[in-house]
Amino acid sequence: MKNIVKLIVLGGLIVILAIETSAQNARFFIPSPKAMGMGGAGVAVLSQDHIFFYNPAQLNRLRRGRLTIIDAQVIFNNNLLDQIDFYNSHQDEFKNLDDFSDEQTTEFFQEATSLVKKRALAGFSGPLPLNLMMRNFGVGLFTRGSVDYQMRTGASGIPIVNASLQAGLLTIVSGSYGFKTLLPGKLSVGGSIKYIYSLTSSKFQSISNLNSDLIVYHGTAIGLDLAALYNITRRLYTGFTIFDANSPTIAYEVLDVVEDDSTTFIIIPESKIEPTLRMGLAYYSKWQITPLVNNIILALDIDQPFDRDVTFFKKLYFGIEASLTPIFQLRAGFSQGYPSYGFGINLSILMFDYAFYGEEWGHYAGQQSNWNHLFRFRFGF
């Protein structure tokens with residue numbers, strides 16, 4: 001009877017894998033520097049970093065519990081760094097614009113405008129997540145915020161500022177269960193229930209009438225993630241996660257209404273979070289290149305594999321991690337066709353991670369690249 005039940009569960013998971021999910025990916029997500037350094041692959045890579053936002057079924061594979069007290073993460077892209085560098089290196093020009101000729105002024109503003117036309121991004125999460133994980137159970141409280149902006153040319157030729165602010169809070173409870181199947185290896189299933197509180201605001205306004213007025217929306221939703229992890233052998237793992245399987249809708253309301261003029265266009269935030277499917281594969285090799293380079297992990301993720309509106313290379317994430325010592329790891333990979341690299345320092349209670357990676361903001365790989373720097377500091381037991 002037990003074997004029949006297990007077979008039914010396993011068959012149900014296979015059916016779930018055939019679900020065709022939407023191309024939208026508006027879920028509450030905090031990227032892991034470990035995964036992003038490996039090209040974004042993390043669904044089947046066993047790590048405490050990958051449980052809440054990649055695969056809650058991994059809770060069943062935890063060897064020891066962990067309480068995280070401080071978890072601070074900062075992300076920014078190269079476009080923001082270029083704009084800051086331009087501003088710092090042209091202080092004299094900004095102060096002495098009145099002394100410029102018309103030709104010099106035009107040339108200077110063309111250079112500045114070419115930079116701000118590129119979308120700049122900065123974000124953070126933490127620093128105080130109440131994050132507790134133990135075998136088969138986890139609970140966490142996460143916060144995040146981000147701002148991005150760019151300048152576009154309007155139909156009349158007047159530049160338009162397009163900016164958005166995002167902030168949110170996530171309370172998540174995750175659980176998992178593992179059992180043997182009729183097949184070799186072990187299957188773990190898991191899920192998460194999420195309470196999402198979101199704040200958002202956008203501005204789309206001509207620069208000639210730019211003001212500080214904003215319309216801020218806030219809303220809540222309850223989401224459900226479903227996941228599985230299966231190790232075919234002791235070295236080969238595969239898994240998947242369906243994020244927001246219940247298609248939650250954030251009931252947005254206006255938090256703050258301000259007077260505004262006709263040159264500002266109100267952008268109503270998207271309220272529905274569509275389900276997204278992510279599948280992963282990880283291989284723990286026996287390779288040992290030198291006595292210092294061992295514990296090599298190869299990983300591959302495919303995001304929204306059955307969505308025909310997303311091109312193949314935009315779905316693909318793969319990479320490698322190698323341990324140089326028990327406390328230092330090097331990572332590299334490709335994320336949506338763009339190279340990535342990073343490293344991690346693990347001192348048990350203190351951990352530091354960094355990742356540099358590219359991602360695609362356009363409709364297909366290679367259309368609109370975005371290069372990010374991601375830093376993370378954690379303290380816990």
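Brief remarks on what is shown
- Peptides ranked, highest mean first, by Cβ atoms within 10 Å: ranges 314-325, 182-193, 95-106: 314-325, 182-193, 95-106
- Here's how it looks for THR181: its modeled amide H is under 5 Å from those of LEU187, which are all 5 or more places away or on a different chain.
- Inter-label distance, nm, simple model (7 Å from Cα along the C-beta direction), LEU67/LEU350: 2.1 nm
- Length available on full extension from ASP92 to SER369: 0.36 nm per residue minus the Cα-Cα distance, which gives 96.6 nm.
- Reachable lysines, given that their alpha-carbon falls under 20 Å from the alpha-carbon of LYS194 and they are not under 8 places away in the same chain: LYS272
- Segment 311-381: C-alpha gyration tensor shape, a/c 1.5 cut-off, then a/b vs b/c: prolate
- Scalar couplings 3J(HN,Hα) for segment 305-321, obtained by applying the Karplus form with A = 6.51, B = -1.76, C = 1.60 to θ = phi - 60°, are x, 9, 8, 6, 7, 10, 5, 4, 5, 6, 8, 9, 9, 8, x, 9, 10 Hz; x denotes Gly and Pro.
- Directionally averaged projected area (convex hull, Cα atoms, segment 73-184), nm²: 13.3 nm²
- Protection proxy ranking for 335-341, 356-362, using the average of other Cβ atoms within 10 Å per residue and placing the highest first: 335-341, 356-362.
- Working ranking of peptides 167-180, 59-72, 218-231, 36-49 by packing, defined as the average number of other Cβ atoms within 10 Å per residue, highest first, is 36-49, 218-231, 167-180, 59-72.
- Long pairs among LYS34/LYS314; LYS95/LYS203; LYS118/LYS314, criterion Cα-Cα beyond 26 Å: LYS95/LYS203
- Theoretical FRET efficiency, 1/(1+(r/R0)^6), r = Cβ-Cβ of SER114 and SER285, R0 45 Å, to 0.05: 0.50
- If R0 is 25 Å, the Cβ-Cβ spacing of ASP309 and THR249 corresponds to a FRET efficiency of close to 0.75.
Laboratory data are not the source of any read-out in this text; all were calculated from the coordinates shown. Quick caveat, the model's predicted, so the values are computed rather than measured. Because the Cβ atoms are built from the backbone with ideal geometry, glycine has one as well, and the counts that use them run over all protein chains shown.
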